[in-house]
1. With a 10 Å cut-off between alpha carbons and a GNM built on the chain, which of 206, 185, 144 moves the most?
2. Of the residues 150, 45, 130, which exhibits the maximal mean-square fluctuation in a Gaussian network model of the chain defined by a 10 Å Cα contact cut-off?
3. May I ask you to derive the relative contact order of the chain, considering only C-alpha pairs under 8 Å and at least 6 residues apart, and to give it as an integer percent?
4. Kindly state, as a whole number, the per residue volume in cubic angstrom of the convex hull around the alpha carbon atoms of segment 3-217.
5. Tell me, what is the FRET efficiency for residue 82 and residue 191 to the nearest 0.05, using R0 = 35 angstrom and their Cβ-Cβ distance as r?
6. What distance in nm lies between label points placed 7 Å from Cα along the C-beta direction at residue 198 and residue 55?
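Where a number appears in this text, it was derived from the coordinates with a stated rule and is not lab data. Keep in mind the model is a prediction, meaning the values are calculated, not measured. Cβ coordinates were reconstructed from backbone atoms using ideal geometry, including for glycine residues, and neighbour counts include every protein chain displayed.
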């Protein structure tokens, strides 16, 4: 492995960290972090998001690179549109979860924790689908072989996992410290849900109307 490729991998790791803090990623994971009662669970939510995200990028990216194909722009934007739908869903479910938690104070948290990690992985998976087209273009312009591409995507993925681990830990701190102050905790959770919902609607509008996705699907 030559020095130039090592520098490319280093750059890929840094890009992965930067990729993790894109607004739609942070907002999505913050809705999950807002429902965590322990900082370790919030951190794990970020790790599971990164695993789901990396798995999708790796599988779809390698398949496209082997087949030397590209995802049509219409489908790339459609997958991005699903991210907007997901953000709205996460926002609304975060707000409604307050009522569920209020009525289920004495229910064991194990199933909830399992659900949170599964949800994080699914969210990361969807984000990975939406970003796979851009990843393939980036890899094709950076490295020369499928093996190098696989290594690059994995290193990029480790960067996103590391970045999301760090930022979900930071995001989880306000919710953990306010856990016993119900009014503050509920206000923070509602604000997180509202931001996710509004941003998701804006995200869909921008893709569908401003960038013309709806017109692409019209006959």
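1. Fluctuation is largest for 144.
2. Of the options given, 150 has the highest mean-square fluctuation.
3. 45 percent
4. Hull volume over Cα atoms, normalised by residue count, gives 116 Å³.
5. For residue 82 and residue 191, the calculated efficiency is 0.90.
6. Each label point lies 7 Å from its Cα, and together they span 3.4 nm.
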